[in-house]
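Reading through the structure tokens given below for one structure.
The values are calculated or read from the model by the stated rules, or taken from the named source; none is laboratory data. Note that the structure is predicted; figures quoted are calculated from it, not measured. Neighbour counts are summed over all protein chains in view; Cβ atoms, including those assigned to glycine, are modelled from backbone coordinates with ideal geometry. Accessible surface is based on the protein model in full, side chains and every heavy atom, while ligands, DNA and RNA are left aside. Shrake-Rupley method; radii C 1.70, N 1.55, O 1.52, S 1.80 Å.
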Amino acid sequence: MKFENMLAEVDGFGRFQLRTILLMVIPRVTLPFHFLLNNFIAAVPSHHCDISSLDDGGIFRNLSQAERLVVSIPLQDDGTPNSCQMFAEPQYHLLLNSSNITALPTVPCQTGWVYDNTTFKSTLATEWDLVCDQRRLNRATATIFFMGVMLGAAVFGYLSDRFGRRRMLLVSYMTTTFFGFASAFSYNLSMFSAMRFLTGFGISGISIITVVLCIEWVDIKHRTAVGVFMSIDWSICTALLPVVAYFVNDWRYLTTTVTTPLFLAMISWWWLPESARWLISNGKISSAHFYLNMCAKVNGREQFVADLQPEILSKVILVEDENRKYSYLDLVRTPKMRRVALLTGIVWFGVACTYYGISFNVTGFGVNIYLTQFIYGAIEIPAKVFIFFTLHKIGRRWNQAGTLVLSGLCIFCNMFISQDKGPFRTAVGALGKMFAEAAFTTVFLYTTELYPTVMRQNGLGYTSFMARIGVSVSPLIILLEEVWDHLPSTIFSLVALVGGLAASFLPETHNIRLPETIEDVEQTRRRSISTSEDKSPH
């Protein structure tokens with residue numbers, strides 16, 4: 001008897017599974033909130049030098065605010081006041097003739113900046129003057145956060161294969177809550193960066209453990225549905241974030257607001273089950289029996305568990321050595337695992353790099369920041385519906401390769417649409433985002449199905465680590481536009497193409513049993529399409 005058959009007996013998609021999935025949605029709300037938080041808290045409102053130092057007590061005092069700006073701040077080519085330069089002294093003649101300002105001596109801002117507070121009450125940039133020469137520090141806060149996520153993926157991936165999914169989930173709730181609040185109370189940039197790094201470290205656990213825990217509890221038939229449904233909460237909350245940010249426009253309050261759902265998550269954690277597959281693979285038979293019993297009761301299948309003896313459970317997943325501890329080295333010890341690890345690493349890097357390349361470039365499409373972010377969230381929902389059907393029709397592999405190549409093509413096409421056609425650029429950008437999101441939805445499900453139970457969290461930890469490298473470099477790739485305008489787009493298109501190519505070499509997993517051990521991966525898996533006729537012991 002295999003675990004899949006046993007799951008079919010206690011009902012692989014009943015009230016118990018639905019309850020588990022809904023309890024997971026609570027902490028998952030904070031994921032897009034934190035991952036995209038930087039678009040709002042690190043926004044740079046329009047600003048110019050603080051010109052109060054030029055007040056010489058004479059004529060300057062009698063000028064209106066607009067006239068003071070004319071005599072103090074040079075104009076840029078597009079006619080807006082320069083953000084980083086001011087005249088060394090007031091140029092009163094400009095009030096009469098403002099055309100000849102080329103040769104006038106300018107200096108960098110002397111006494112700080114004045115910010116436009118209409119959109120944002122306060123952001124990191126206005127709080128710590130992260131503009132002009134300090135501009136890169138502002139961008140770096142996103143990279144620092146994702147480096148935390150990257151380290152967290154590796155650590156939580158290993159620990160939850162070692163100590164169980166449920167325990168490590170609580171640890172990641174607590175870590176994220178503590179450091180999330182700490183970052184809101186930071187009093188300087190270095191403290192803020194350290195707290196954001198640790199928030200990223202903690203939230204990484206929520207990201208990878210919730211998916212695995214849900215998929216390990218559902219049967220073959222409903223895996224796609226659960227994989228897609230679990231990612232719809234991401235899209236809804238991506239669209240919800242600009243709404244929250246619109247009303248909470250102070251960065252400290254916003255950071256606190258997006259962390260709050262985790263209090264509810266800690267309370268709901270008590271009702272979460274541990275993964276029975278993981279328990280059996282690790283020889284914890286009595287605990288597995290307890291949770292399967294609970295599952296049968298909630299799903300109204302008590303009669304089955306009455307006949308289920310713990311001895312039978314130990315034979316469900318044949319593990320060669322129960323005491324063996326798995327680590328990241330096992331990803332490369334055997335030939336097929338090594339191939340899966342190499343290819344999934346490239347795919348995750350490609351998916352994450354292009355997805356965030358489009359997401360971080362919120363201002364680059366020429367629409368209001370809140371609206372753009374909302375469109376980005378809303379466009380993902382049709383992508384999820386579309387991917388739900390194609391995953392059933394053409395399987396995982398071609399979906400993964402196709403969506404990546406298509407999102408690369410959209411980024412490529414956008415290079416040839418001129419800046420003044422804002423709506424067209426937004427449309428093509430949103431289409432690229434839609435394909436990138438479809439690729440992200442597929443990759444979580446696909447990876448969970450490719451790695452065996454004993455290595456599943458290690459596998460997801462390693463691939464998320466690769467993805468975060470992709471995310472960390474994407475804001476830096478965007479900075480390359482200073483070298484050549486189309487360089488970032490060219491790089492993103494190529495990365496997407498390579499990822500798509502790598503995906504086409506992976507094995508298909510649609511309608512196949514989840515592998516339990518490394519041995520299952522090394523022998524080519526026997527396709528088992530159904531779980532109902534398949535009752536004979538193997």
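Label-to-label distance for M191 and M266 is 2.1 nm, based on points extended 7 Å past Cα in the beta-carbon direction. Between M466, S359, G148, the Cα set farthest toward the positive side of the dipole of the chain (charges on each charged residue's Cβ, about the Cα centre) is that of M466. Model label points for S504 and V107, set 7 angstrom from Cα along the Cα-to-Cβ axis, are 6.2 nm apart. Here's the picture: charge each Lys and Arg Cβ at +1 and each Asp and Glu Cβ at -1 in the chain, and of L198, A439, L313 the one pushed furthest to the positive end of that dipole is L313.
Enter the accessible area per residue of the chain (Å², integer; probe 1.4 Å; all protein chains in place).
Working: 22420 Å² over 538 residues.
Ligands and nucleic acids excluded, the figure is 42 Å² per residue.
Between L342 and N62, the FRET efficiency estimated from the beta carbon spacing at R0 = 56 angstrom works out to 0.20. On a 19 Å Cα-Cα criterion, which of the cross-link pairs K2/K315; K121/K433; K2/K336 come out too long? Cα-Cα > 19 Å for K121/K433; K2/K336; rest within.
Looking at the P(r) of the stretch 335-471, how many percent of alpha-carbon pairs lie beyond 23 Å?
Across the stretch 335-471, Cα pairs with separations above 23 Å total 36 percent.
Nearest 10 degrees, 0 to 90: what angle lies between the long axis of helix 189-217 and the longest principal axis of the chain (Cα atoms)? That helix lies at roughly 30 degrees to the long axis.
Rounded to the nearest 500, what is the chain's calculated 222 nm mean residue ellipticity when only DSSP H runs of at least 4 contribute -39500 (n - 2.57) each, over all residues?
Values: 24 runs with 352 residues, N = 538.
The per-residue figure over the chain is -21500 deg cm²/dmol.
Of the residues G58, L104, V29, the one whose Cα sits farthest towards the positive end of the charge dipole of the stretch 1-144 is V29 (charges of +1 on Lys and Arg Cβ, -1 on Asp and Glu Cβ, taken about the Cα centre). Stretching F247 away from W484 to a fully extended chain increases their span by 81.6 nm, per 0.36 nm per residue minus the current alpha-carbon distance.
Overall, the accessible surface of the stretch 231-274 at a probe of 1.4 angstrom is composed of carbon and sulfur to the extent of 80 percent. Extension gain for F389 to F416 (0.36 nm times residue separation, less C-alpha to C-alpha distance): 6.5 nm.
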